[in-house]
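Data block below; observations after.
Just so it is clear, none of the values below were taken in a lab; they were calculated from the coordinates. These figures come from a predicted structure and were not determined experimentally. In this analysis, Cβ positions are derived from the backbone assuming ideal geometry, glycine residues included, and neighbour counts consider all displayed protein chains.
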Amino acid sequence: MTKLGLAGGALAASAVAGETSAPEARTDSGLRVLLVNGSPHMEGCTRTALNLVAEELRAAGVEPEIFYLGTAPVQDCMACGSCKKSPGRCIWDKDCVNELIARARKAQGFVFGSPVYYGHPSGRLLSAMDRAFYAGGDAFAGKPAAAVASSRRAGSLATLDAIQKHFTISQMPVVSSFYWNEVHGFSPEDVMADEEGVSIMRQLGRNMARAVKAYAAVPAPEPAERKFTHFIR
């Protein structure tokens, strides 16, 4: 697996779906944030936003690792229940989801980035998240997370909402910035020209670094007894 360093002021991407990239220099905190690129465009607008977050994480002593979902098909969840027989692993092993779960186990925080398609996140990202959280939910539970949306003009809030539902059902504190976590533009150059969007991503990176450090220092509470009920009696 190729690890590439900073190139042109941005984290360089790996060339193969499911591979990751990270800075060459190691950080000193031992903490890692996994940034998931849900766009099929490896070096597009979504990646540009994630790069900005990653730069701030690294500056704060937290290791960023960008995970590219790639362009190959991602199977959606069929609710087959096979992962209950093999906990932590999805039965579909031909795409990037099990690798995502494995990477998540080594991370203390997450940023999931997506372009906006028809007012919602990438179907590729949602399929990957549905299966990863269902089969390997313990790899994500209780860790800080953030959603990032990249749009040309609109649909960002619905996109953020759909992604964040995975967090709020998994006891994951949602990390925000001083505006919704979104950037605008039709190209990476447009995104970098979105001065407010750039500042939002930079503040998000700083807030995420603070969150993972804080949660790493405090043990998880004893779980409450959970009751499962149905609306129909």
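In summary, the lysines within cross-link reach of LYS213, defined as a Cα separation below 29 angstrom excluding same-chain residues under 8 places away, comprise LYS3, LYS106, LYS143, LYS165. Close amide-amide hydrogen proximity is noted between LEU35 and GLU65, ILE66, PHE67, VAL111, each under 5 Å apart and 5 or more residues distant or on a separate chain (H modeled in the peptide plane; Pro and chain starts excluded). Residue order for GLU225, GLU43, GLU65, GLU195, fewest other beta carbons within 10 angstrom first, comes to GLU225, GLU195, GLU43, GLU65.
Computed from the C-beta positions of ILE91 and ARG153 and an R0 of 35 Å, the FRET efficiency is 0.35 to the nearest 0.05.
Other residues lying with their Cβ under 14 Å from the Cβ of ASN181 contribute a combined charge of -3, Lys and Arg counting +1, Asp and Glu -1. Applying the Karplus relation 6.51 cos²θ - 1.76 cosθ + 1.60 with θ = phi - 60° to segment 216-230 yields 3J(HN,Hα) values of 5, 8, 10, x, 5, x, 5, x, 6, 5, 9, 10, 9, 10, 10 Hz, where x marks Gly and Pro. Under a 5 Å amide H cut-off, with hydrogens placed 1.01 Å from N, VAL148 pairs with PHE112, GLY113, SER114 among residues at least 5 apart or on other chains. Would you mind checking the tilt of helix 123-135 against the longest principal axis of the Cα atoms of the chain, expressed as 0 to 90 degrees and rounded to 10? The angle comes out at about 40 degrees.
For the pair segment 63-120 / segment 175-217, the C-alpha centres are spaced 22 Å from each other.
Once you order the gyration tensor axes a ≥ b ≥ c over the Cα atoms, which shape class does segment 30-132 get: rounded for a/c under 1.5, otherwise prolate or oblate by comparing a/b with b/c?
Numbers: a/c = 2.56, a/b = 1.33, b/c = 1.92.
Since a/c reaches 1.5 but b/c is at least a/b, the shape of segment 30-132 is classed as oblate.
Computing FRET efficiency as 1/(1 + (r/R0)^6) for VAL218 and ALA59, where r is the C-beta to C-beta distance and R0 is 25 Å, gives about 0.60.
What order, most packed first, do the peptides 210-217, 142-149 have when packing is the mean number of other Cβ atoms within 10 Å of each residue? Don't skip to the answer; put the middle values down first.
Numbers: 210-217: 16.1, 142-149: 25.4.
Packing proxy ranking, top to bottom: 142-149, 210-217.
Once C-alpha pairs closer than 8 Å and six or more residues apart are averaged by separation and normalised to the residue number of the chain, the relative contact order reads 20 percent. Running Debye on the chain with equal point scatterers at the Cα sites and no solvent, what base-10 log of I(q)/I(0) appears at q = 0.15 Å⁻¹? Normalising to I(0) and taking log10 leaves -0.97. Here the 3J(HN,Hα) profile of segment 143-151, calculated from phi with Karplus coefficients 6.51, -1.76 and 1.60 at θ = phi - 60°, is 9, x, 8, 9, 10, 10, 10, 10, 9 Hz, Gly and Pro shown as x. The C-alpha atoms of the chain define a longest principal axis, and helix 45-59 lies at about 90 degrees to it. Subtracting the Cα-Cα distance of ALA193 and GLN75 from their residue separation scaled by 0.36 nm leaves 38.9 nm.
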